[in-house]
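Engineer: Okay, handing you the structure first.
Just so you know, all these numbers are worked out from the coordinates, no wet-lab data involved. Everything numeric here is computed off the predicted structure, so don't read it as measured data.
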Amino acid sequence: MVAMTKRLKTFQVIFSDPTKTFYCGGDRVCGWVEVEVNEVTRVSAMKLLGLGCAKVEYAKGKQRCRQEAEYLRHEEVLRLDDQPSDNDGSVVLRPGNKYKYTFGFELPQQGQLVSSYKGKFGYVHYYVKAMMERPQQPTLECKKPFEVEEPLDVNTPDLLSPTGGMKEKKVTCMFIPDGQVSLNVKIDRRGFCEGEDICINAKFENTCSRIVVPKAAIIAKHIYQANGRTKVFRQKLSSVRGNHIISGMCDAWQGKTIRVPKIKPSMLGCNIIRVEYALMVSPQFCGHIYIHIPGSEKLILELPLVIGTAGLGSRSNSVSSQEGSVSSASQSWVSLRMPSNPPSYCDITRDCRLDQPLTPLLDDFDGDDSPIFMNVPSFQFPPPPAYTEAEEEFNGNARMMPVC
């Protein structure tokens, strides 16, 4: 951002490394403030502010919910090298010269910052602001934003451990019992990075009179916290489906895969904004498997996922062997082809309670005054282009088995 007046030709913040796309905790932010004037200008002081803050703001009825949190504040007074100054510290800038006020400061260590984020109801912004003070004249300002991405390592024992669950639902028709639908799902770990495949092992049983269709979806959940209130949005990122299961039959997924699309890592360290992911068995987001029962409430099993930063190094040997063990089984399924562009955070569908029927995926759900999620935030990011749902059915020679 450049501030210009009749007296100023140039006033801008420039970073030393313009190719650097993001910073991490502990990195050094360096650069200079460049100034050129059209006429003689006296500068009382040149001040620099490095700021990082999170902000949430949305309407709840007639009430305006608003909350802020600060993660970075650096202030310093910049001086010109080899430039004479008066007793009060002011300097005179003259036309035809280019003046550079250099600066450099270190970001807080890892774990003290949160990644940059921009959503519909909140953001996390970092920027450097230069303030030029002039005698008896308004202070001039210019800003330069920069991105922060905190590393999130998913190669930890907790995130490398298998996880799963099971659920069943009794079905009724006109208040008459009509059997039940059940599912049992397992994945080999909870931590993934962009572009990796989630291998799903699951069993679905159908003893009701209707046909069911097992599905799995990865969803993102954006959570905004302000004034003791919580606003939650869910967004469907990608999905995959299985074969129809008729009455009295069961079906099994052996290593069926769904790929983690191009998405931001989980955001778990911010006090007022969180971004979480899940795999839903029986429709859900961020990794869910779900069974669609026409004319009935849907059966949902949600398995939390943690999406980490890419490029953290190769997986452990144990994980590699696990992936190899299911590779042959995975080949029997059609892998999901993901769109090339990331989803838009603007196109957020509404979330709804899990004990109610779900529409296409999750409707916008504005949670009642619930406390903020412990220390692991999950939220829906600001606007990326909407993903089109890409689903492929397997039409191979898989056989359904009768329910025992």
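Engineer: Based on alpha-carbon centroids, what's the gap between region 206-222 and region 47-80 in Å, whole number please?
Structural biologist: Their Cα centres are 42 Å away from one another.
Engineer: Using only alpha-carbon positions, what ratio does the radius of gyration of region 8-145 give when scaled by 2.2 N^0.38 Å?
Structural biologist: This ratio for region 8-145 stands at 1.25.
Engineer: Also: Could you list, in their original order, any pairs among Lys20/Lys264; Lys120/Lys231; Lys236/Lys264; Lys120/Lys264; Lys55/Lys144; Lys144/Lys231 whose Cα atoms are separated by more than 20 Å?
Structural biologist: Where the Cα-Cα span goes over 20 Å, the pairs concerned are Lys144/Lys231.
Engineer: While we're looking at this one, here's another question. Enter the Cα centre distance for the pair region 232-255 and region 187-201, rounded to the nearest angstrom.
Structural biologist: Comparing the Cα centres of region 232-255 and region 187-201, I get a distance of 16 Å.
Engineer: Here is a follow-up. Can you work out ³J(HN,Hα) from phi for every residue in region 154-169, in order, using Karplus 6.51 cos²θ - 1.76 cosθ + 1.60 and θ = phi - 60°, giving whole Hz and x for Gly and Pro?
Structural biologist: So the Karplus estimates, Gly and Pro as x, are 9, 8, 10, x, 5, 7, 8, 7, x, 9, x, x, 9, 8, 9, 9 Hz.
Engineer: Enumerate the amide H contacts of Glu147 below 5 Å, restricted to partners 5 or more residues apart or on another chain; note that Pro and chain-start residues carry no placed amide H.
Structural biologist: Those lying under 5 Å, H to H, from Glu147 are Tyr23.
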